[in-house]
1. Here are labelled values, (1) 45, 33, 24; (2) 69, 40, 29; (3) 40, 28, 19, and one is the computed Cα extents along the principal axes in Å for what I pasted. Which one?
2. What accessible surface, in Å², does a 1.4 Å probe find on residue 69, ignoring ligands, DNA and RNA and rounding to the nearest 10?
3. DSSP loop (so not H, G, I, E, B), at most 10 other Cβ within 10 Å: list which chymotrypsin sites (Phe, Trp or Tyr not before Pro) in region 1-71 pass both filters.
4. Averaged per residue, what accessible surface does the chain expose to a 1.4 Å probe, in Å²?
5. Percent of accessible area on the chain owned by carbon and sulfur, 1.4 Å probe?
6. For region 23-73, state which trypsin sites (Lys or Arg not before Pro) are in a DSSP loop and have at most 16 other beta carbons lying within 10 Å of their beta carbon.
7. Which helices pass in the chain if a helix is a full DSSP H run, must span at least 15 angstrom along its long axis by Cα, and must have mean Kyte-Doolittle hydropathy not below 0.0?
8. Using a basic spin-label model with each label point 7 Å from the Cα along Cα→Cβ, how many nm lie between residue 64 and residue 5?
Amino acid sequence: MLRVALLLIIVGLLSVSGWLQRLDWLIYDGIVSRQFFPVDSDIVLVAIDDDSLRAIGKWPWTRELHAELIDRLSQVGSNVVALDLLLEPDLDHPEADKRLKSAYFYAR
C-alpha cells in the first residue's frame, strides 16, 4: 500500500511539473521522425518567404493580392488551393473579403 501511495505521489509530482508531458513529446518526436511518408509530386507548397516580402511588400498583404494569387494558381491548373491564414474581417473594406471569398470558392 505504501508503494502505491509513493508511486502516486511521484506520478503526481511529475505530472504537475510538466515532466510527463516532456517525456510524451520526446517519445512522440522519436516515433514520428522515424516514419516515412512518400512525397506526392502533384503537391506544391507555396510559402510566403523573405524574397516574397521584399518583392511584394511587408505583411499583412491585402485580400485583393491573396485573391489574385489564388486566381493565378487556378489559371495554371491547380485543382485545390488551401489558404492557411488567420484573417479578421476587414470592416473598412468589406468588398475585399467578398473578393477573397469568391476567388477561394472559384478555385475549388
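1. For Cα extents along the principal axes in Å, the calculated option is (2).
2. 60
3. Of the chymotrypsin sites (Phe, Trp or Tyr not before Pro), the ones in loops of region 1-71 whose Cβ has at most 10 other Cβ atoms within 10 Å are 36.
4. Numbers: 9780 Å² over 108 residues.
Per-residue value: 91 Å².
5. Numbers: 6120 of 9780 Å².
Carbon with sulfur: 63 percent of the solvent-accessible area.
6. Values: sites: 34, 54, 58, 63, 72; in loops: 34, 58.
Of the trypsin sites (Lys or Arg not before Pro), the ones in loops of region 23-73 whose Cβ has at most 16 other Cβ atoms within 10 Å are 34, 58.
7. Working: long enough: 2-17 (22 Å, 2.48); 19-33 (21 Å, 0.35); 63-75 (18 Å, -0.72); 94-107 (20 Å, -0.88).
Result, helices passing both filters: 2-17, 19-33.
8. 7.3
The values are calculated or read from the model by the stated rules, or taken from the named source; none is laboratory data. Keep in mind that this is a model prediction, so the values were computed, not measured. Cβ atoms come from the backbone with ideal geometry, glycine included; neighbour counts cover every protein chain shown. When the accessible area is computed, the model is the full protein with side chains, heavy atoms only, and any ligands, DNA or RNA have been set aside. Shrake-Rupley method; radii C 1.70, N 1.55, O 1.52, S 1.80 Å.
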